[in-house]
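Enquirer: Before I ask anything, here is the structure I am working with.
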Amino acid sequence: MVTTRTLAYVAAFLSIIVWRSGRVAKNAILTKQQFTSGYYAEGDFEADCQTLKGGPDLKYCEDVAFWDQLDGQGNLLDHALILTCDANRKNWNTVMGPLRNPDPRGSLWLYQPGGAAKKDKTIHDPSKLRRIELKGYPAGHDFHPLGVEIYPSYAGNTSNVYIVNHARARTVIEQFTLDPSSPTVVNHVRTLASPYFHSANALALTSPDSFYVTNDHFFTRRIPYLGHVLPVLESVFAFPLSFVSHITLAPAISSEPSIQAHKFSALFVPFANGVAISHDGTQVAVASTSLGQVFFYERNPKTNDLTRLIETVYVPFTPDNIRYTHDGSELIVTGHPHFPTLAAVAGGKVPTAPSWVISINARTDGERTQLKEKFDEDAPISAWGKVPAVAGREVTTLFQSDGSGFSSSSTGLKDPTTGALYVTGLYAEDGMIVCHPSQ
């Protein structure tokens, strides 16, 4: 018999869920926005955006990161992009499912747009997308790449590369090195395994040998029998069970355990996904997919501790990966404006899912004193009216698509010199889209 007290508990629980998750449920689950085929804030979508395709394996690219090549004083000489792609994602996805078949491996790709010094509009050539060889990689070891981070190359030295790998047995982090003199070959250094990586998703480097890592779920798809239920409940009800850790590694040549130190940086985050460090190292941003929010933390650069939560910014979709621009003035947030359609794409029921990329800009001290009533007014589908304004930061749409122009956006990068916007898609058949500001 159901008692009055039981009903009261259920009502209270549902009220909490609606209060915490009602906005993201309305924006990204219950409402499918009527986007155009493509909108680009700094130009014309048809004239200024171009998809880059590179063969059957260059698709379903979850993440992309700049690989900066600097001189001895830290000045930018050139940069390339590294993409993590997995053409088998519809058979093996440890976050969304299914877990049918982990064969074949995913892939890494290099794109060199043509030099950091070029400020004119670049003609993007798909032939510059080249597959990267995994040299020394264990023959029987899976490779299903997700988050990627590359430490800059200084004066031509090699860079450490870290990639989250959702392998068949468990999730691990692979360490490679990448040499500017041979940019299409990464040398495998070691596989990093830890209970703290059980659902690793994204990375942010604090040195060549240390990083933050998000774990997106406590319950994962790997759990026998209940793996298709518990992670979904954790996501839908935004249970605060995921976390961010900071990892310090021992030197690769050391006989000591690979993980020298671990500490929890942020606990009780619902579906912690993307993570990024500001240019000056004093802030860390973490995306909460289930809540449709980005948390900004104060960081102590000496200890890597996240000392306090500075501000929470609401976004009008379920955020995936986040990247600061080189100068730290913008945080580029990319995500999924209609999660049911994304799930339908993963299940092979529909071909495309919509895309949305925004920037979060810090407001000046003078602007913070007055809350801006309207914002993001130029976009066809505005964030204004879907999420509240906050005093310290402002949301602006950079890119939108109903999926026909570009599908399932997961990561956005902004070129520090040309201003070009690069976007990859979790289930995009096209490898990447690049949009260049109109002249």
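Enquirer: Leaving out ligands and nucleic acids, note down the accessible area per residue over segment 163-318 with a 1.4 angstrom probe, in whole Å².
Expert: Heavy-atom SASA per residue in segment 163-318 reads 39 Å².
Enquirer: Using a 1.4 Å probe on the protein heavy atoms, what percent of the accessible area of the chain belongs to carbon and sulfur?
Expert: Carbon plus sulfur share of accessible area: 55 percent.
Enquirer: Oh, and also: What list of ³J(HN,Hα) couplings, whole Hz, do you get for segment 46-58 from phi and the Karplus terms 6.51, -1.76, 1.60, once you set θ to phi - 60° and write x for glycine and proline?
Expert: Karplus values, whole Hz, x for Gly and Pro: 5, 8, 10, 10, 9, 7, 10, 10, x, x, x, 8, 8.
Enquirer: Which FRET efficiency value, to the nearest 0.05, do you get for residue 112 and residue 36 by plugging their Cβ-Cβ distance into 1/(1 + (r/R0)^6) with R0 = 30 Å?
Expert: E between residue 112 and residue 36, to the nearest 0.05, is 0.45.
Enquirer: I've got another one for you. Mind checking which lysines have their Cα closer than 30 Å to the Cα of residue 302? Skip sequence neighbours fewer than 8 apart in that chain.
Expert: Reachable lysines: 263, 414.
Enquirer: Let me ask another. Quick check: Cα centre of segment 410-437 to Cα centre of segment 262-299, how many Å?
Expert: After rounding, the separation between the Cα centres reads 22 Å.
Enquirer: With springs connecting C-alpha atoms under 10 Å apart, model the chain as a Gaussian network and identify which of 23, 368, 131 has the largest mean-square fluctuation.
Expert: 368
Enquirer: Would you mind calculating the relative contact order of segment 52-105 from Cα pairs under 8 angstrom and at least 6 residues apart, reporting the percent as a whole number?
Expert: Across segment 52-105, relative contact order equals 30 percent.
Enquirer: Separate question: Which shape class applies to segment 372-439: rounded if a/c is under 1.5, otherwise prolate when a/b exceeds b/c and oblate if not, where a ≥ b ≥ c are the square roots of the Cα gyration tensor eigenvalues?
Expert: Here segment 372-439 falls in the prolate category.
Enquirer: Now for a different question. Among the aspartates and glutamates, which fall within straight-line cross-link reach of residue 386, defined as a Cα-Cα distance under 20 Å, with same-chain neighbours fewer than 8 residues apart omitted?
Expert: Those aspartates and glutamates meeting the cut-off are 311, 320, 373, 376, 377, 378, 394, 402.
Enquirer: Go through 80, 61, 47 and say which Cα lies farthest out towards the positive end of the charge dipole of segment 31-84; charges sit on Cβ, +1 for Lys and Arg, -1 for Asp and Glu.
Expert: Farthest towards the positive pole: 61.
Enquirer: Report, by chain and number, residues whose modeled amide H sits under 5 Å from the one on residue 156, excluding near sequence neighbours (fewer than 5 apart, same chain).
Expert: Hits under the 5 Å cutoff: 70.
Enquirer: Please give the per residue accessible area of segment 336-403, computed with a probe of 1.4 Å over protein heavy atoms only, in Å².
Expert: Per-residue accessible area for segment 336-403 comes out at 45 Å².
Enquirer: Moving to a separate point now. Expressed as a rounded percentage, what relative contact order does the chain have, with Cα pairs under 8 Å and six or more residues apart?
Expert: 18 percent
Enquirer: How do 66, 211 stack up against each other in accessible area, from largest to smallest, with a 1.4 angstrom probe?
Expert: 66, 211
Enquirer: I've got another one for you. Suppose accessible area is computed on protein heavy atoms with a 1.4 Å probe; arrange 338, 228 from highest to lowest.
Expert: 228, 338
Enquirer: Going by Cα centres, segment 171-214 and segment 38-96 are how many Å apart?
Expert: For segment 171-214 versus segment 38-96, the Cα centre distance is 18 Å.
The values are calculated or read from the model by the stated rules, or taken from the named source; none is laboratory data. As the structure is a computational prediction, the values presented were derived from the model and not from experiment. A quick note on method: Cβ atoms are made from the backbone with ideal geometry, for glycine too, and the neighbour counts reach across all protein chains shown. Note: areas computed on protein heavy atoms with side chains; ligands, DNA, RNA excluded. Shrake-Rupley method; radii C 1.70, N 1.55, O 1.52, S 1.80 Å.
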